[in-house]
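Single-structure report; data block below.
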Amino acid sequence: LFATVLRCLGIPARLITNYSSAHDNNANLQLDFFLDDEGKVDTKLTKDSVWNYHCWNEAWMTRPDLPVGFGGWQVVDGTPQETSDGMYRCGPASVQAIKHGHVCFQFDAPFVYAEVNSDIVYSRKEKDGTQVIENIDRTHIGQLIVTKEVGGDGMMDITEEYKFQEGSEEERLALDTAVMYGVKKQTTQDTMYHPQTDVDMEFQVQKAVLGSDFKVTITFRNKSRNSYTATTYLSGNIVFYTGVTKNEFKKHSFSAKLEPSSSSTFDVVIKSSEYLNDLLDQASFHFFVTARINETGKILAMQKATVLEIPTLRIKTQGETVAGKQMSVTVEFTNPLKQTLENVTLRLEGPGVLRTMKKEFRQIPANSTLIWELKCIPKQPGLRKLIASLNCDALRHVYGDLKVQIQKP
């Protein structure tokens, strides 16, 4: 809507999606995740969060109020997450200024900078009140920033317009610059950070289709000559796309034996029966893995968001696609779940081709395929789009689309 309004006013605008978008609650340009004594996230103390994605707009304009070079694309957010001077608003913030860490330039640049390039800092309090930083994840935030390509429906990767390559000297320099200019209050004064250097941990979530079991694979690399044991905890949560947890559906603890100078891999199976009843619209999960090295007391922590693949509807046409002549459209859907889908509603629409059609099916048994065929007479020639959607209690956000070239008679 905001992009449309800007374009109507003659201001070039485009929509931006930032994946793994940081929500920095206290404007210190880092995400603070506080761990308890067991290494689990302390939800009472942790106010910052990571959104699966967040969208905003860019508007193209000159910025006579800023130094030369900061005009062009500006971030303007129609759905801001925090107040700015007491009001919910965000921008315009120069994309060029954000890339170089010049967050001193108006408006709301520190918040946008944190959204795309802050570090996640995991810390916990010792008994004497000292805050110890256990881990810093510098690459999780702003994994991919995209907009729609010009003249097509594909996406265009514009991550490098917002930040230098992750881990590069320029990117670290931009962060140092941003911290110098933009931090309201420094929270790392009373902290100690001794990074864990002899053991690395990472984990991967297997790509999976909704309704299937999948596994989370946790890998430890012990680079030292010592044998270690790691008490490991995996928490699986069903989340809204804003990173807010609906509920924790999986808790799994195990002890991992880490041999000297070797890698060890452990699989945790996630069964469909554990998550299916609580799923939200976009089938989003958030996994959090922490491990305490028992011999040293060091804690390793990592988080990842993942989305299950939702099955699609297949649309096909048969016969000639000519304006004024009858054509046939078929919609197919295969139920991927191990249960029967009940009270299923299918919709098909295609402006210029057919009026919106709706059909209800009482049941679709597990693994069976539904086929809906209908006839229509397209009115207008040109490139048209057919869009189908399916809705029922157990499955939402199931779509399919097909471009159709309607010929002149």
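Quick notes
- Applying the criterion of being in contact (Cβ under 8 Å) with a residue 40 or more places away in the chain and over 29 Å from the mean Cα position of the chain (by Cα) to the residues of the stretch 212-226, the residue that is surrounded by the fewest Cβ atoms within 10 Å (Cβ to Cβ) is 226.
- So residue 116, is it more than 30 Å from residue 401 (Cα to Cα), surrounded by 15 or more Cβ atoms within 10 Å (Cβ to Cβ), of a type in the set (Val, Ile, Thr) and at pLDDT below 90: no
- Taken together, 171, 134, 160 contain a single residue that is outside any strand (DSSP E or B), surrounded by 14 or more Cβ atoms within 10 Å (Cβ to Cβ), at negative phi and of a type in the set (D, E, K, R), which is 171.
- Of all residues in the stretch 227-245, those being modelled with pLDDT under 90 and either among the β-branched types (Val, Ile, Thr) or open to solvent by 30 Å² or more (accessible area, probe 1.4 Å) (or both) number 7.
- On the stretch given as the stretch 9-51, residues that are on the phi > 0 side of the Ramachandran plot and either in contact with a helix residue (DSSP H, G or I) (Cβ under 8 Å, 6 or more places away or on another chain) or surrounded by 16 or more Cβ atoms within 10 Å (Cβ to Cβ) (or both) total 4.
- First in the stretch 29-53 and over 20 Å from residue 118 (Cβ atoms), second anywhere and surrounded by fewer than 19 Cβ atoms within 10 Å (Cβ to Cβ) and of a type in the set (A, V, I, L, M), Cβ under 9 Å, 6 or more apart: 36/45
- The number of residues in the stretch 276-295 that are open to solvent by 30 Å² or more (accessible area, probe 1.4 Å) and either at pLDDT below 85 or in contact with a Cys (Cβ under 8 Å, 6 or more places away or on another chain) (or both) comes to 7.
- Residue 103 vs. criteria outside any strand (DSSP E or B), modelled with pLDDT under 90 and not polar (S, T, N, Q): yes
The values are calculated or read from the model by the stated rules, or taken from the named source; none is laboratory data. If you're wondering where the values come from, they're calculated on a predicted model, not measured in any experiment. Backbone-built Cβ (ideal geometry, glycine too); neighbour counts: all protein chains shown. The protein model used for the area step is the full one, side chains on, heavy atoms only, and it has no ligands, DNA or RNA in it. Shrake-Rupley method; radii C 1.70, N 1.55, O 1.52, S 1.80 Å.
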